[in-house]
Every structure is written in C-alpha cells, then in structure tokens.
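**Q** Questions regarding the structure given below will be posed in turn.
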Amino acid sequence: MGKRAAKPLIIAIDGPAGSGKSTVSKIVAKRLALLYIDTGAMYRALTLKAMRQGLNLEDEDALVSLAGSTKIGLEEKDKLHVFLDGEDVSLAIRTPGVTANVKYIARVPGVRHEMVALQRLIGQKHCGAVLEGRDIGTVVFPNADYKFYLDASPEVRAKRRCKELIESGQKVSEISVKEDILTRDDSDMKRNVGALKKCDDAIFIDTTGLSIDGVTEKILSYICA
C-alpha cells in the first residue's frame, strides 16, 4: 500500500442501491484493515424504531427528537452487525417495510445532522474507515482521502438486490425490486439534503459488467498505487 497520512484514512464509496458498493466496501475495508461503516444501515435502524413506536413519519420534529435520543452502533463480527439501543437489528432493518419508509427519515435535515455527526465520530475514532452511502463524499467526508462513485444499469442492480433479498429469506420478484430501485433513485436524487450525487473529484466506476472482485481490484489499484 502507498504512503499513508498520519490522520485516519477515510475512503468514501457512494452510489445508488444495487451498484455493488456495500459488498465492495466490506471487502476493501477488510483488505486494508479498516473499519467498514454502512451509513444506510444507520438510517434504516432509526426508521425501524420510528415504525415500532408508531410515529408519524411526516413529523420532522418527532423524528429529530428520536434521532437525538437513539443509540446506534456498528460492530464487525462474522459480518457487520447493526445495534439499535443495544438490540441487534441487522436482519430487521432489511425488510420491505423499512426499505419503503427510510426515505422519510433520510430526508429530514435535523436527522441527517445527527447521523452525519455520528458517522464522522465513528470514522475518526479508528485508524481509518471505508464508508458507503449516497452522500459520503459530498457531505459526510468531503475531504476524504479517496472518493469513488459506483453505478450500474437498473436491470443489473435489480438482479443483484433481488439476490440479496432472497438470500436473506425474503420473497420478492425482480420486477418489483426494479420498480423499487427506480423509485428510490428518484427520491434520493431529489432530496433537499444529502442527495445522491457524484462529486466532481470522485472516481466513477461502472460496475455493470464487472464482478465484485473486478470492482474491488479497480478501487484498490487507486489506493495502493
């Protein structure tokens, strides 16, 4: 690996759902002995709590208050585990209901303020981290050492996402997953805060025709040059 700065090494990997960023980020983090931070999982955890409490997802004040009083933790074991107030919710946050409602949580400025502060704290407390999401390079860590933006065709992204959901025990169709992905893309890109966007200094990688290993090696070729 090339010369590393004294400060924590921060690698930002952004992109839409199904672009491969989650799987690749985990592998890159492991290869570089860095912490992997799934920022999307943090928003999902808060969404799950809001749903459990029956909160009005249009009530921004209530959601901001919830974010400020909620403890969300990430722990790497055999895989990344997400904890909500001490409870392991790694599987519970991947249900279709949470997926459909996370947009209400993620678009609230006050909630994002709380989450970004937590993400920065987690990233800077370790020797470095690989963070993946939709606004890591633009908002969370605009001065990240390396920024990547992954994307792929909607058809390929739908197949990947469908495979993940089926492997987690959910019954879904590729058509419904593709529709959900396109809806999420539109919502993510039109957010007033934390919108899905490729920053000017991010390295773009089209993952449509690439394997996970291929994408991983391409990213590492920039970092380890």
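**Q** Scan region 144-162 for residues that are in contact (Cβ under 8 Å) with a residue 60 or more places away in the chain and not in a helix (DSSP H, G or I) and jot them down.
**A** Result: 144, 145, 146, 147, 148, 149, 150, 151, 152.
**Q** So the check is Cβ under 7 Å with 6+ separation or different chains; which pairs have a first residue in region 22-45 that's at pLDDT below 95 and surrounded by fewer than 24 Cβ atoms within 10 Å (Cβ to Cβ) and a second one that's among the basic types (Lys, Arg) and not in a loop (DSSP other than H, G, I, E, B)?
**A** That search, which allows pairs on different chains as well, returns 36/26.
**Q** Also, quick follow-up: Quick one: which helices (runs of 4 or more DSSP H) lie wholly within region 31-119 and hold at least 3 residues that are among the basic types (Lys, Arg)?
**A** 39-52
**Q** Output the number of residues of region 20-61 satisfying the condition of being closer than 19 Å to residue 184 by Cβ, of a type outside the set (A, V, I, L, M, F, W, C) and in contact with a helix residue (DSSP H, G or I) (Cβ under 6 Å, 6 or more places away or on another chain).
**A** Number of matching residues: 6.
**Q** Let me ask something additional. Please count how many residues of region 153-167 are closer than 10 Å to residue 177 by Cα and of a type in the set (Ser, Thr, Tyr).
**A** Of the residues in region 153-167, 0 are closer than 10 Å to residue 177 by Cα and of a type in the set (Ser, Thr, Tyr).
**Q** So for region 104-127 (the condition being closer than 19 Å to residue 195 by Cβ, charged (D, E, K, R) and touching a residue at least 60 places away in the same chain (Cβ under 8 Å)), does at least one residue qualify?
**A** Yes, the conditions are met somewhere in region 104-127.
**Q** Please specify each residue of region 65-92 satisfying the condition of being among the aliphatic types (A, V, I, L, M) and either under 16 Å from residue 37 (Cβ atoms) or surrounded by 15 or more Cβ atoms within 10 Å (Cβ to Cβ) (or both).
**A** Listed by number, the residues that qualify are 66, 67, 72, 74, 80, 82, 84, 89, 92.
**Q** Kindly indicate whether any position in region 95-112 is at pLDDT below 95, more than 22 Å from residue 171 (Cβ to Cβ), surrounded by 15 or more Cβ atoms within 10 Å (Cβ to Cβ) and among the polar types (S, T, N, Q).
**A** No: region 95-112 contains no residue that is at pLDDT below 95, more than 22 Å from residue 171 (Cβ to Cβ), surrounded by 15 or more Cβ atoms within 10 Å (Cβ to Cβ) and among the polar types (S, T, N, Q).
**Q** Looking only at region 70-81, which residues are among the hydrophobic types (A, V, I, L, M, F, W, C) and over 11 Å from residue 46 (Cα atoms)?
**A** 74, 80
**Q** If residue 77 meets every condition in (1) more than 16 Å from the chain's Cα centre (by Cα); (2) under 26 Å from residue 151 (Cα atoms) apart from one, which number is that one?
**A** Failed condition: (2).
**Q** Oh, and also: I want to confirm something. Restricting to region 202-225 and keeping residues that are surrounded by 11 or more Cβ atoms within 10 Å (Cβ to Cβ) and acidic (Asp, Glu), which single residue is nearest to residue 29 (Cα to Cα)?
**A** If we take residues in region 202-225 being surrounded by 11 or more Cβ atoms within 10 Å (Cβ to Cβ) and acidic (Asp, Glu), then 217 is nearest to residue 29 (Cα to Cα).
The values are calculated or read from the model by the stated rules, or taken from the named source; none is laboratory data. Owing to the predicted nature of the structure, the values given are computational and were not obtained by experimental measurement. We place every Cβ from the backbone using ideal geometry, glycine too, and count neighbours over all the protein chains shown.
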